[in-house]
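Following: one structure in structure tokens, then a few remarks.
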Amino acid sequence: MKEEEIRRLVKIVEESNIAEIEITETRWGKSTIKISKNSSGAANSSTHIIQAPSPAAPLLPTAPAPVAASPASAEAKPVTSSGADIKSPMVGTFYRSPAPDADPYVEVGSVVKKGQVLCIVEAMKLMNEIESETTGKIVEILVESGQPVEYNQPLFIVEPA
């Protein structure tokens, strides 16, 4: 991992309520990043482990930079269903599948378990797997693949089981 990338990660950690970040690199060019974030108090924390692709073989192509969008198109789609929101833990680009030619992780109506991967949010060339925070059924997918997402933006609505 380059020094500039590490500096950006440190800046993100400082600007959020992330409690811990651990980066491990192998001699084969793969990186593992462990990020712990406080949920509601110091005693509760959630941990996400992210496998970063090697520079020679990225998982997904980088989305083209968006053309200047009108403020109306940049706003998040309003949440219309009841249920638990699965929100983006970071700013980045949303992908529904692990590769452009692969099937999406989940569809509307899919039954998911807590910890199951729902999508990927690409941030700073790192592919971050977003996991379900609850067991239930996907009621609504609020973002299209390839769209930019904001921190805390709702991505899915899950009807708890």
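Remark: spin-label model distance VAL111-GLU15 equals 4.1 nm, labels positioned 7 Å along the Cα→Cβ axis. For the stretch 93-161, the set of GluC sites (Glu not before Pro) satisfying both a DSSP loop assignment and a count of at most 15 other C-beta atoms within 10 Å is given as GLU107, GLU144, GLU150.
Each label was represented as a point 7 Å from its Cα along the Cα-to-Cβ direction; for ASP103 and MET124 these points are 3.5 nm apart.
Whole-Hz Karplus values for the stretch 130-145 come out as 9, 9, 5, 8, 8, 8, x, 10, 5, 9, 8, 10, 8, 10, 8, 4 Hz, taken residue by residue from phi with 6.51 cos²θ - 1.76 cosθ + 1.60 and θ = phi - 60°; glycine and proline positions read x.
Compute and list, largest first, the equivalent-ellipsoid semi-axes of the stretch 76-160 from the alpha carbon gyration tensor, each √(5λ) rounded to a whole angstrom.
On the way: eigenvalues 69, 41, 26 Å².
Working through the eigenvalues yields semi-axes of 19, 14, 11 Å.
Counting neighbouring beta carbons within 10 Å and listing from fewest to most, the residues VAL158, VAL139 come out as VAL139, VAL158. Residues whose amide H lies under 5 Å from that of GLY146, counting only those 5 or more places away or on a different chain, are PHE94, TYR95, ARG96; hydrogens are built 1.01 Å from N in the peptide plane.
Here, each number is a calculation from the coordinates, and none is a lab measurement. None of these values were measured; they are calculated from a predicted model. Because the Cβ atoms are built from the backbone with ideal geometry, glycine has one as well, and the counts that use them run over all protein chains shown.
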